[in-house]
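In what follows, a single structure is set out as structure tokens and then discussed.
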Amino acid sequence: MAKKKAEGYLSGRESRRISRANRKVTNELEKKRKRKKVPESEYLTKMHDPDNAVEFDNLHTYFFTDAGTVKSVDGVSFEVPIGKTVGVVGESGCGKSVTSLSLMQLLQRPQGQVVEGEIRLNLGDKAVDVAKMPYEAVQHLRGNFVSMIFQEPMTSLNPVFRIGDQINEVIELHDGEGKSKEDVKKRTIELLEMVGIANSEGVYRMFPHELSGGMRQRVCIAMALACNPKVIIADEPTTALDVTIQAQVLDLLRSLKDKINSSIMFITHDLGVIAEMADYVVVMYAGRIVEKGTAEDIFYHPAHPYTIGLMASKPVVGRQVDKLYSIPGKVPNPVNMPDYCYFKDRCEMCVEKCGGEYPCEVSLSPTHKVSCYRYYDGQMPEDVNPAAAGEKAENGDPAEGQKPGDLSTAADKDQEGGDVS
Amino acid sequence: MRNYIVKRILFSIFILFFVTLIIYTLIRCLPTSYVETMAIQLSSKPGSKSYTEWLEQLNASYGLDRPILVGYVSWLKDFAQGNFGDSWRFTVPVIQEFKSVIGVSFVMGAISLILELVIAIPLGIVAATKQYSKSDYIISASALVGISLPTFFFATILKLVFSVKLGWFDTHGIVGRNYAQLDAMGQFLDKCSHLVLPIVTLTIVSVGSLMRYTRTNMLEVLNADYIRTARAKGLSEGKVIYRHAFRNTLIPLVTIVGGSLPGLFSGALITETLFSIPGIGFVSYQAMVAGDIPFTMFYLSFIAVLTLAGNLISDILYAVVDPRVRIA
């Protein structure tokens with residue numbers, strides 16, 4: 001009881017001690033980032049696989065807050081192959097956006113810092129490690145090699161500049177050499193038409209407040225695509241939009257990706273969107289990757305209990321339920337993460353070993369990886385958990401895989417549990 | 001746009017009517033009366049009429065025997081015709097007295113406003129962009145000191161240090177002792193040196209609030225999503241701050257600057273009085289204390305007109321800097 005009290009309450013002295021320690025750490029990191037004229041050799045690196053556009057390798061991004069260090073991204077590794085779409089899913093606050101912001105170095109400074117790991121970015125003729133780059137150098141990558149579509153179209157455009165000027169700005173900055181004002185304008189109009197804005201000449205002269213949310217999101221997309229970036233990060237690009245516009249935007253992204261052959265890192269918590277868009281899926285939970293694989297692996301053979309729970313909590317067309325399934329409990333406190341599996345307290349398929357330290361990654365197939373004790377020895381954990389075994393057997397059939405029989409029983413079980421508590 | 005301005009001006013005239021009515025009523029109710037003072041003086045002369053007789057006669061000749069409302073209407077009639085009357089206290093036409101003192105007040109106000117803007121806005125931006133750094137703490141702390149300093153206290157400290165101890169400037173007045181012997185250039189420099197301390201006082205005392213205002217607005221804008229978008233475009237930090245963020249910070253600043261327009265002409269009562277500078281603030285204070293109705297009425301109505309004009313200008317400027325605001 002006393003311990004619980006201490007957890008929520010921070011004495012003034014302790015808070016000061018924390019912020020002093022934070023300042024020491026962040027000042028040092030900031031100083032390193034703010035250096036000017038850093039030799040390129042310091043951050044040049046080599047891709048492990050030249051077919052990848054981005055490789056995240058053991059990325060750690062921490063936020064040094066006054067309440068303590070929040071490990072928003074804690075050892076994340078995955079890669080985005082060239083020309084493919086990688087979907088990153090997980091619930092709010094699990095580190096999806098922070099991962100992508102680390103790639104752009106757009107974290108809230110000075111609290112947010114990449115403290116460890118590499119982010120290798122393939123620039124074609126060379127590769128760089130974004131995690132080691134100073135601010136000055138990253139500037140030249142943004143908008144040019146990596147660009148981002150933000151989740152808030154309503155507030156992502158500067159209200160005092162005209163749409164045309166805002167897009168022109170990107171083109172002039174990266175592709176402007178030898179282009180006259182007319183050429184830049186022509187390109188902007190072309191981009192606006194490409195994202196399906198009918199009245200492109202008119203919109204060119206409009207201010208953001210004169211457009212609807214869907215239109216603004218299109219403008220944001222046009223802006224992100226202006227310089228044919230190698231990697232596009234789409235951070236929940238459809239969350240703020242209604243379903244019809246959402247479908248249009250998704251279609252648009254897909255067709256554009258094929259047109260300019262870039263890779264997309266697609267961040268969302270909408271599994272339906274992921275199923276439609278992604279070639280590979282990464283499932284994150286509390287700052288770590290719990291499962292990753294091809295879209296087929298994840299949707300037809302979900303292995304981690306969290307992924308299974310996510311799949312169960314999405315509504316299925318044609319099935320009547322009173323209450324949608326939700327995973328019990330909540331994400332652990334980001335300041336004091338437990339030293340065992342982060343999902344253990346919410347997991348319905350725990351085994352004895354789960355009390356041990358955080359499980360490491362297990363390969364289920366060359367593409368499918370999961371961090372769970374249930375898959376530690378051999379492939380089939382029948383002997384440990386009958387429910388899981390049943391689910392595993394069902395998973396053999398791809399057609400049924402999306403809603404394995406035992407999953408619904410697990411869901412029902414939980415609903416009863418939820419009602420009692 | 002034109003309709004809007006015409007409408008606003010008509011409104012302003014309406015407001016002005018009530019403002020002057022209230023001012024006139026208040027002045028007539030003041031315990032100090034020019035006429036009474038004069039009656040006492042005249043009746044104390046040997047062989048003169050009694051106090052009450054003098055009072056009656058003076059009241060009649062100055063028009064103070066009429067009821068307040070009647071007096072107001074006749075004042076308003078004159079005012080509307082551009083006839084502001086003669087100042088009782090200074091015994092010259094109001095306009096003439098006003099013209100002779102407004103210059104120095106305007107120069108002081110204008111210079112301190114410009115200094116204020118030039119100091120406060122860049123410092124506010126620096127403090128915001130380097131939030132929680134040493135420079136931010138220094139700037140914020142000194143802004144707070146500036147805000148908290150009362151004018152009379154700070155002016156006295158300045159006088160003590162720079163006039164009494166160091167002897168760099170005179171403590172009082174607009175011209176030095178040997179002003180008459182100087183050539184034109186020397187006279188100009190003499191006046192300038194006498195204005196240094198008042199301007200420093202005015203600037204330091206008012207710079208703090210504008211700086212804190214800039215800092216707060218800048219911080220808010222810097223956390224906006226469109227700033228992140230601007231960074232994601234690959235713009236340099238300087239462009240992000242001075243192009244994308246500053247244009248947005250300008251919006252609230254314009255209101256403040258538009259609102260400070262009357263301050264240019266209203267003079268600084270306390271500062272001018274402390275330094276004995278014959279500016280409009282000092283002179284209007286003297287007029288008010290003496291119960292000089294024509295001059296006080298003129299001065300206060302003038303400030304009211306400027307305030308209304310300042311509001312109108314800042315509203316129009318709003319529409320200029322913020323495309324979301326359309327005046328209709």
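Please specify each residue of region A:105-119 satisfying the condition of being within 19 Å of the chain's Cα centre (by Cα) and polar (S, T, N, Q).
If the condition is that a residue be within 19 Å of the chain's Cα centre (by Cα) and polar (S, T, N, Q), then A:Gln105, A:Gln108, A:Gln113 are the ones that fit.
Name the helices (runs of 4 or more DSSP H) wholly within region A:264-377 that hold at least 2 residues that are under 16 Å from A:Gly90 (Cβ atoms) and assigned by TED's automatic domain parsing to the domain that holds A:Thr69? Don't jump to the end; show me each part of the working.
On the way: elements: A:271-277, A:295-300, A:305-312.
Hits in region A:264-377: A:271-277.
Looking for whichever is surrounded by fewer than 17 Cβ atoms within 10 Å (Cβ to Cβ) and outside any helix (DSSP H, G or I) here; the options are A:Asn144, A:Asn58. Which one fits? Lay out the reasoning, then the answer.
On the way: A:Asn144 fails: surrounded by fewer than 17 Cβ atoms within 10 Å (Cβ to Cβ).
Result of the check over A:Asn144, A:Asn58: A:Asn58.
Quick one: which of A:Tyr300, A:Tyr375, A:Tyr306 is more than 21 Å from A:Val98 (Cβ to Cβ), out of contact with any helix residue (DSSP H, G or I) (no Cβ under 6 Å at 6 or more places or on another chain) and either of a type outside the set (Gly, Ala, Ser) or modelled with pLDDT under 85 (or both)? Walk me through it before giving the result.
Numbers: A:Tyr300 fails: out of contact with any helix residue (DSSP H, G or I) (no Cβ under 6 Å at 6 or more places or on another chain); A:Tyr306 fails: more than 21 Å from A:Val98 (Cβ to Cβ).
Going through A:Tyr300, A:Tyr375, A:Tyr306 in turn, just one is more than 21 Å from A:Val98 (Cβ to Cβ), out of contact with any helix residue (DSSP H, G or I) (no Cβ under 6 Å at 6 or more places or on another chain) and either of a type outside the set (Gly, Ala, Ser) or modelled with pLDDT under 85 (or both): A:Tyr375.
Please specify each residue of region B:230-262 satisfying the condition of being of a type in the set (Ser, Thr, Tyr) and facing chain A (nearest Cβ under 10 Å). Steps first, answer last, please.
Pass one, region B:230-262, residues of a type in the set (Ser, Thr, Tyr): B:236, B:242, B:249, B:255, B:260.
Passing the criteria: only B:Ser236.
Whether any residue in region A:174-184 is under 32 Å from the mean Cα position of the chain (by Cα), part of a loop (DSSP other than H, G, I, E, B), away from every other protein chain (no Cβ under 14 Å) and within 25 Å of A:Val146 (Cβ to Cβ) is what I want to check.
No; the residues of region A:174-184 include none that is under 32 Å from the mean Cα position of the chain (by Cα), part of a loop (DSSP other than H, G, I, E, B), away from every other protein chain (no Cβ under 14 Å) and within 25 Å of A:Val146 (Cβ to Cβ).
Considering only region A:224-251, how many residues are within 19 Å of A:Glu169 (Cα to Cα), part of a helix (DSSP H, G or I) and without any contact (Cβ under 8 Å) to a residue 60 or more places away in the chain?
0
Within region A:316-333, how many residues are small (Gly, Ala, Ser) and surrounded by 13 or more Cβ atoms within 10 Å (Cβ to Cβ)? So that I can check it myself, show each step before the final result.
If we filter region A:316-333 for residues that are small (Gly, Ala, Ser), which is where we start, we get A:318, A:326, A:329.
Next, only the ones that are surrounded by 13 or more Cβ atoms within 10 Å (Cβ to Cβ) stay: A:326.
Number satisfying all stated conditions: 1.
When only residues in region A:200-237 that are over 26 Å from the mean Cα position of the chain (by Cα) and within 13 Å of another protein chain (Cβ to nearest Cβ) count, which is nearest to A:Asn122 (Cα to Cα)?
A:Pro208
Only one residue in A:Ile197, A:Ile149, A:Ile163 is touching a Cys at 6+ places or on another chain (Cβ under 8 Å) and more than 8 Å from every other protein chain (Cβ to nearest Cβ). Which one? Spell out how you get there, then give the answer.
On the way: A:Ile197 fails: touching a Cys at 6+ places or on another chain (Cβ under 8 Å); A:Ile163 fails: touching a Cys at 6+ places or on another chain (Cβ under 8 Å).
None of the others qualify; the one that does is A:Ile149.
Return a yes/no flag: does region B:116-124 have any residue that is closer than 23 Å to B:Gly279 by Cα and either in contact with a helix residue (DSSP H, G or I) (Cβ under 6 Å, 6 or more places away or on another chain) or part of a helix (DSSP H, G or I) (or both). Step through it out loud before you land on a result.
As a first pass, look at region B:116-124 and keep what is closer than 23 Å to B:Gly279 by Cα: B:116-117.
This time we only want the ones that are either in contact with a helix residue (DSSP H, G or I) (Cβ under 6 Å, 6 or more places away or on another chain) or part of a helix (DSSP H, G or I) (or both), so: B:116-117.
Within region B:116-124 (the criterion being closer than 23 Å to B:Gly279 by Cα and either in contact with a helix residue (DSSP H, G or I) (Cβ under 6 Å, 6 or more places away or on another chain) or part of a helix (DSSP H, G or I) (or both)), the answer is yes, since at least one residue qualifies.
Could you list, ordered by first residue, the pairs with Cβ atoms under 8 Å in which the first is in region B:221-232 and more than 16 Å from A:Gln139 (Cα to Cα) and the second is of a type in the set (D, E, K, R), at least 6 apart or interchain?
Matching pairs, first to second residue: B:Asp225/A:Glu152.
Condition (residue is assigned to a strand (DSSP E or B), on the phi > 0 side of the Ramachandran plot and crowded, with 16+ Cβ neighbours inside 10 Å) applied to region A:31-51: is it met by at least one residue? Reasoning before the result, please.
Of region A:31-51, the ones assigned to a strand (DSSP E or B) are A:44-45.
Subset that is on the phi > 0 side of the Ramachandran plot: none.
The answer is no, given that none of the residues of region A:31-51 is assigned to a strand (DSSP E or B), on the phi > 0 side of the Ramachandran plot and crowded, with 16+ Cβ neighbours inside 10 Å.
How many residues, within region A:120-138, are within 12 Å of another protein chain (Cβ to nearest Cβ) and within 21 Å of the chain's Cα centre (by Cα)?
So the answer is 1.
For region B:1-21, how many residues are closer than 20 Å to B:Gly71 by Cα and surrounded by 13 or more Cβ atoms within 10 Å (Cβ to Cβ)?
5
Quick check, is A:Ile232 at pLDDT 90 or above, surrounded by 20 or more Cβ atoms within 10 Å (Cβ to Cβ) and of a type in the set (A, V, I, L, M)? It would help to see each step written out before you state the result.
Details: at pLDDT 90 or above: yes; surrounded by 20 or more Cβ atoms within 10 Å (Cβ to Cβ): yes; of a type in the set (A, V, I, L, M): yes.
Taking the combined requirement at face value, the residue satisfies it.
Among the residues of region B:292-328 satisfying the criterion of being touching a Lys or Arg at 6+ places or on another chain (Cβ under 8 Å) and surrounded by 19 or more Cβ atoms within 10 Å (Cβ to Cβ), which is farthest from B:Ile27 (Cα to Cα)?
Taking the candidates together, the pick is B:Phe295.
Just checking: which of the helices (runs of 4 or more DSSP H) contained wholly in region B:1-108 hold 1 or more residues that are farther than 30 Å from B:Ile199 by Cβ, at pLDDT 85 or above and not hydroxyl-bearing (Ser, Thr, Tyr)?
Details: elements: B:2-29, B:34-43, B:51-62, B:68-80.
Answer list for region B:1-108: B:2-29, B:68-80.
Taking the stated definitions as given, is B:Ser301 assigned by TED's automatic domain parsing to the domain that holds B:Ser193, among the hydroxyl-bearing types (Ser, Thr, Tyr) and in contact (Cβ under 8 Å) with a residue 60 or more places away in the chain? First the steps, then the outcome.
Working: assigned by TED's automatic domain parsing to the domain that holds B:Ser193: yes; among the hydroxyl-bearing types (Ser, Thr, Tyr): yes; in contact (Cβ under 8 Å) with a residue 60 or more places away in the chain: yes.
Against the criterion (assigned by TED's automatic domain parsing to the domain that holds B:Ser193, among the hydroxyl-bearing types (Ser, Thr, Tyr) and in contact (Cβ under 8 Å) with a residue 60 or more places away in the chain), B:Ser301 qualifies.
Just give me the residues in region B:217-229 being part of a helix (DSSP H, G or I) and either within 7 Å of another protein chain (Cβ to nearest Cβ) or under 32 Å from the mean Cα position of the chain (by Cα) (or both), in sequence order. Can you show your working first?
Within region B:217-229, the first condition is being part of a helix (DSSP H, G or I), and the residues that meet it are B:217-222, B:225-229.
Correct list: B:Asn217, B:Met218, B:Leu219, B:Glu220, B:Val221, B:Asp225, B:Tyr226, B:Arg228, B:Thr229.
The values are calculated or read from the model by the stated rules, or taken from the named source; none is laboratory data. Remember, predicted model here, so these are calculated numbers, not experimental data. With ideal geometry, Cβ positions are generated from the backbone for all residues, glycine too; neighbour counts draw on all protein chains shown.
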